[in-house]
Structure formats: structure tokens, C-alpha cells
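What follows is one structure encoded as C-alpha cells, with my remarks underneath.
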Amino acid sequence: MLQLDGITKTYGHDVALSGIGVMIEEGEFFSIVGPSGCGKSTLLRIVAGLDEPDDGTVSIDGVDVSGWEPVERGIGMVFQNYALFPHLTAGANIGFGLKGRLPKEELRRRVAEIAELLELDAAMLERRPRQLSGGQRQRVALGRALIRRPRVLLMDEPLSSADAPLRERMRSELKGFHQRAGTTTLYVTHDQREAMSMSDRMMVLDHGRAQQVGRPIDVYRRPATAFAARFVGSPGMSVWPMPVRAADGRHRLVTVDGNPWPVQVPCPAGTEGVLVGVRPERLGLRPCSEDSAVLHCTVDTIEPQGEQALVHASYCGNAVVAAVEAAAAEQLGAEVDLWLSAGDLHLFAVDSGQRLADGRGDAEAARAGSAVGG
Amino acid sequence: MTTLDAPRPVSALVGAEPRSVPDRLRRLVRPFAGYLFVFPALGVLVVFYYVPALLLFVISFFHYHLGGAGSSFAGLDNFRVLFAQPLFWKSLVVTGYYVLVMVPATLVISLALAMLVRDAARHSKRKRGGLSQALIFLPHVTPLVATSLVWVYILNPQYGVMNYVLRAFVSNPPGWLESTGYSMPSIEIYSLWHSVGFYMVLFLAGLASIPDRLLEAARVEGVRGFAAFRRVVFPLLTPSVYLVTVLATVNTMQAFSQIYTLTGGAHGEAGGPAYSTTTDALLIYQTAFFYNHFSLAATMSLMLFVLLVLLTVVQRWGFSKLVFYR
Ligand SMILES: Nc1ncnc2c1ncn2[C@@H]1O[C@H](COP(=O)(O)OP(=O)(O)OP(=O)(O)O)[C@@H](O)[C@H]1O
Ligand SMILES: [Mg+2]
């Protein structure tokens, strides 16, 4: 439906985007997620037609739309901070693009229709943006983007200016709206929780490179790069380098005591180390399987979160986070032994950060995993 | 015998240390410190601005002679004399003509220049329109009298550059400052040349306060170019339009130096030919310093002041309907 091919954009010497390619299906809710400055807005603006890429094409319904104006592309856009026209009422904002192109009555009907869809009542349509609450403004911005019945709806961090409770509510409102309307949606956010909870699929972006494209649950379970591993999850994985040694003709991870650990590392000969990633929930205070290994850590801080507490610790100078029961966390001293099971390890190449098939029988999953090279 | 102590102030209970002399001085001065700071500026303003203005108001009800000796109360005599003067009415018409051309022309030209400079800046490599902006602003920092004299040469019908160029297109170019029909336009051309850069900067500031996002939002809705200007930029620019309108009105109604110089004030001919450029300001000057009729000049100044206030009030009212989103 919406296809991006090798999109590249540079500003001077800064590479804002590099070879982004993805195919977005009809009706899909697709998120682009990444830290600030990774190129999310740039990508969205290129899809919208507000910026042209240096290289690569945007196609909608199989037609290359390079050089087309946003309206010609049939996109609707919700801007970061909404960009509502302060001198116009909410109703006039919604009808802005159709004013003068439809008969007055018809326009009024369309605005009313959209307002109903977004649960904006008639009194609100008479107000100016500054007289509206954040949530109402967001709905007006959405209305303005939707009234032309766009083929693709683009949203740039629409929730970033809302406070936490409102964000939560609007998140579910947006999701509910998407389920009702079924408009193909490209959604930009820096908040991986938003992307996880709302998207059908998502793209993790870092420094203008696509790290991974896939269903949120797949990205969570099998991050394709060390960056995606760290970025996705609340909090994300702890990732740190560990030495590797050839043992029994195979590569084995080495724990701190120099003991080979029965984790097979599929890496080329001569490799000295590997990045190890583990989810905080998978680091425990006691061994849970035969092949568990122990990390002797020093405790930095403990962050109570109710039922659980996050233990921020250092392991050989690397930050490690473990989610443990709050009661147990209270007993901790300055040192802690964190146990992890070999089966919970994610392995990444030190140089490229790419995931390494971890030799535990999920080579098939690795093939199905939708890692996308930069 | 014990008397009940009167309740003591809290400060006394907390412990009143004896205060040092500078400390007490400071306490004494503090409430007036603000006034002390504004006093120099305020003093100058009062002596050279408010007092003369008040005197002017008083003088317009007196038969006044320079120095005050022999002055007598005149009631409304000055006003009667003034209103009977055809030249007074003519000067109002001339001023009106000047203002009515200058204000709209200033608005249109300076706004157009601001838009051009901004677009140029946007498309230039370094995203700045510094040079073009400076070049357009430059005339405004030149002295009125000096550049007016230069323009007298430029506009000279026989050997001026203006007509030298025009002769390439028309057979008999205008007589500019020497003809009654073109004398006012000549002044208007000069004044625009001199002031447009200043107003352009005001508009540039106004434009800079309109977020690019809004124009992009309009573009996404298929509204670009002039439609975007009309529906987004202009409405958001109305505060600047108001400011420029008021400033341009006040400045043109009081314009003096360039009119005086351009029309030959140096040889006592200011306001000509045939009074075609005798504005209020010029007439006031001539009445006072040429004919030594100070009370009449004061009366005219008062009328000009009243007119300005009225105009500003009307403009305020007009714009209060326009600048609606504030
Ligand atoms: N007009 C521009 N000129 C120069 N550099 C730019 C321009 N626009 C963006 N960039 C650069 O491109 C990179 C990506 O910017 P972009 O706005 O896409 O980031 P983002 O992911 O949207 O960040 P945020 O989450 O903070 O909005 C940044 O390094 C930014 O500095
Ligand atoms: Mg952004």
C-alpha cells in the first residue's frame, strides 16, 4: 500500500536517513520508533511530501509519488504539537482544506460527521484552539487530517505534549479510532511503550538506520540488534560485552571466573567477545535452571515499582538491570549475585550489533525474524 | 501596680538589633529608589516634552508674542482665524493625500519586501537574508536632509537620473518636484525609499513569529501560495499590520524634514510649487517661524494632535475587530 524504497536523506554531513525500505499494508497501524534525533520526523515528512529524499522512492498503491504535493498523495497529517491555526475555530480548522472546494452545506455536514466520529460536540467546534484542552486539540488535529479521507494517515508524536494520564487515555482513544476507521496509519513516537501497545508492526530507527521491522511482540522477543534490545521494553535489555573462548571445538561464553559456560556462540573463529543481552525480568536472585550462571554485581540503586523493584547494578563496570520482587530487593546489601539462565541470553556481534543466531534451536525463528539491514 | 502590656509587634519579639546608619538610610530611600532611577529620563521628558506640550495647549487660547510680553487671552479667536484660512484646509487635504497614499503603500511594499526577503533567506544556502535585509534597511539609517538633497538631483526633470532612465520609455517624463501634479508623488517616492526598510523589519519580526509548522499544515491541506498567505499568514500577521499602520500614520502626518528639503526649504520655497506640498507640519513651521504667528501655529499643532488621536482611536477600534485571536 505504502512502500518506501532506499530512502536516504542527508543534511550537510549529517546522515538523517540511510536506505530505509519497508512495505506497509492496507489498514495497518505502523509505528516508527526511536530516540530523539534518529530521523523519525524526517522520514514522516518525506512520506508526506513536505521534504524530498536525496535518494529512494515513496510509492502509494504502487505509484511512485516523488515530487507530488501532500494533497496529491492523499495523505493526512497530525503534526507534533498539532499545528492548529490559532485564529480559526476548531470547526474551521477541521474544514480548512475543504473550504471553498465544497459547497458550504456539504462542508458543514462533513465537519459534523468527523466531529461525531471523534466525539467533539458542537459547542467545541465554535472554540478557538487555545480554548481547548490538550485532548480536544488532538482530536481537532486528527479531524483536520481525516476530513479529506486520506489514504494514509501520518502522525508525528501526537501524544508527546500530553501529560501521562491523558497520554494513556488518548493512546487507547487513538487505537479505538483506528480499529473503527481502519485508515492506514504511519505513527511516529519516541516512546517504545506507545509503539508496543498500539502498532500492528513497528520499525525501530537509530541514527537514520532501520534496526528492525516487525510485530511488537517479535521485536520484544527477538531484537535484531543490540540497539533494539536496549530500546524496546520497560526498561530495555541490559547489554554488555563478554569474552568468548573456543572450547570443545566450539565457541563458549566465558564467565567472570574464567569458566566456560555451556552457551554456544555462533561466531566466526578468532572472535574474542560477544554482546550479551538479557531482559531485567530474566535476571534473578537465585539459580532457576541447570545452565544458570552467576554475575557478581555491585548494587547502584534500587528503584521500587510496587510489586517489583528494579535493581540497577554494575557488573564489571557494565550497567545491568534486574527486576526482582520488592520484598527481596529490600534485603539487598551493597553486593548482589544475579543469576541468569543460558536460555534467556540474546547474543549480538560486538562490531555490528547484529543478532547472532544463538544455537539453541531457534535458527528457524531467526530466519522468520524480520531483521532489516541498514 | 501592674498594667497589662500592650501586645508587642512580632519583630520586637524576634529580636530587634540596633540598626546601623547606612541601613536606616537604605530603608528610608528604598521606597523612592525607583523614582530616583527614572528621574533623569523623566526630568528630560517633562522639561522638553510635557511642559511644552502643555504650553502649546495654553498658547492656542492666547494672543501670544514670543517671550510672553503683551500676550492676552484670546478665547477661541485663534480657532476662528484658523478655520477661516483656506491654506489651513488646503494643508489638511495635502496631508490627507500624503497619508492616504503613504500608509497603504508602506503596508503593501514593506510586507511584500518582508515576504521576499524571507523567501530568499529560506532558499539561500545559509538560511539567512542578512544582506538583502541590510540593503533594504540601509536608507532608513541615512539622514533625511542629506539624502533628500541627493534626491533633489535624482528627480531633477532636466538632468536627473530618474528622467534619464524614464526617457527611454516615455517621451516627456514628469517634472517631479517642479510640477504641482508630481510634487507630492515625488515626496512619497522618497519617503517610501527612506522608510520602507524599517517597516519591513517590523514585518519580518512578525513573520518570524509564525511557526513554519502552520504553513506546512496548510500545505498538507492543499493550501499554498497566495491562498496560504490570505488564510494563514495575513490573519496571524495582523498585530504587525496594526503596528505598522499606526506608526506609519503618525510618522507621515508629522513628516517634515524631507518635505522641507525636497521642496527647496533651503531657498525659502518649502511647500511649493503652489502649496502643492504644504502639509500641516510645514504650515505650522512656516506660520510660527516665518510669520512669527506662534499662537496660530500652536492652534494648528493642537488640531493635528487631536486628529492623530482620533485616527489612532479609529485604527485601534478597526483592528480590534481584525486581531481577533489574541
Ligand atoms: N532542516 C534540517 N536541517 C539540518 N538538519 C536537520 C534538519 N531537519 C532535521 N535535521 C537533522 O536530522 C536528524 C533527524 O531529525 P528528525 O527531526 O527527523 O529527528 P526525530 O527523530 O524526529 O527527533 P525528535 O524525536 O526529537 O523529534 C537530526 O540529527 C536533525 O538534527
Ligand atoms: Mg520529530
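Summary of values
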read-out: Dipole magnitude of the protein assembly as shown, debye to nearest 20 (Cβ charges: Lys/Arg +1, Asp/Glu -1, about Cα centre); value: 2340
read-out: Buried area at the B-A interface (accessible, heavy atoms, 1.4 Å probe, summed, Å²); value: 2000
read-out: Relative compactness, the range A:33-80, computed as alpha-carbon Rg over 2.2 N^0.38 Å; value: 1.16
read-out: Kirkwood hydrodynamic radius of chain A, from inverse mean 1/r over distinct Cα pairs, in Å; value: 22.9
read-out: Rounded tilt (10° steps) of A:164-181 against the dominant C-alpha axis of chain A; value: 70
read-out: Cα gyration tensor, the range B:61-131 - rounded (a/c under 1.5), prolate or oblate; value: prolate
read-out: Rg and Dmax [Cα atoms of the range A:1-41; Å; Rg one decimal, Dmax integer]; value: 11.8, 37
read-out: Beta bridges by DSSP in the protein assembly as shown, antiparallel share as percent, to the nearest 5; value: 75
read-out: Formal net charge of residues neighbouring A:ALA83 (Cβ-Cβ distance under 13 Å; K, R +1; D, E -1); value: 0
read-out: Hull shadow area, averaged, the range B:139-266 [alpha-carbon convex hull, nm²]; value: 10.4
read-out: For the range A:114-128, 3J(HN,Hα) per residue [Karplus equation, 6.51 cos²θ - 1.76 cosθ + 1.60, θ = phi - 60°, Hz, x = Gly/Pro]; value: 5, 4, 5, 4, 9, 6, 9, 7, 4, 4, 5, 5, 7, 8, 8
read-out: Per residue convex hull volume, Cα atoms of the range A:2-221, in Å³; value: 124
read-out: Dipole of the protein assembly as shown [Lys/Arg +1, Asp/Glu -1 at C-beta], most positive-end residue of B:VAL244, A:SER133, A:LEU356; value: B:VAL244
read-out: For the range B:195-326, convex hull of alpha carbons as volume per residue, Å³; value: 132
read-out: Helix axis angle, B:294-322 relative to chain B longest principal axis, alpha carbon, degrees; value: 80
read-out: Alpha-carbon Debye profile of the range A:96-175, log10 I(q)/I(0) at 0.11 Å⁻¹; value: -0.30
read-out: Gyration tensor over alpha-carbon atoms, the range B:82-319, equivalent ellipsoid semi-axes in Å; value: 36, 24, 14
read-out: Efficiency of FRET between A:GLU168 and B:ILE109 - r from beta-carbon atoms, R0 56 angstrom, step 0.05; value: 0.60
read-out: Listed residue (B:PHE83, A:GLY100, A:LEU186) projecting farthest to the positive dipole end of the protein assembly as shown, Cβ model; value: B:PHE83
read-out: Which of B:ALA112, B:GLY181, B:SER195, positive extreme of dipole for the range B:84-197 (C-beta unit charges); value: B:ALA112
read-out: Apportionment of accessible area to carbon and sulfur, the range B:234-277, percent (1.4 Å); value: 63
read-out: Accessible area per residue in Å² at 1.4 Å probe, computed on the range A:1-136; value: 43
read-out: Semi-axis lengths (Å, descending) of the ellipsoid that matches the C-alpha gyration tensor of the protein assembly as shown; value: 73, 38, 26
read-out: Rounded to whole Å, sorted largest first: equivalent-ellipsoid semi-axes of the range B:16-64, Cα gyration tensor; value: 43, 10, 6
read-out: Base-10 log of normalised Debye intensity for the range B:106-190 (one unit scatterer per alpha-carbon) at q = 0.12, 0.15, 0.16 Å⁻¹; value: -0.52, -0.74, -0.80
read-out: Derived scalar couplings ³J(HN,Hα) [the range B:237-247; Karplus, 6.51 cos²θ - 1.76 cosθ + 1.60; whole Hz; x for Gly, Pro]; value: 9, 4, x, 5, 4, 4, 4, 5, 4, 5, 4
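The values are calculated or read from the model by the stated rules, or taken from the named source; none is laboratory data. From a predicted model like this one, the values you see are computed outputs, not experimental measurements. When we count neighbours, we look across all protein chains shown, and the Cβ atoms used for this are built from the backbone with ideal geometry, even at glycine. Note: accessible area is taken over every heavy atom of the protein model, side chains too, but ligands, DNA and RNA are not part of it. Shrake-Rupley method; radii C 1.70, N 1.55, O 1.52, S 1.80 Å.
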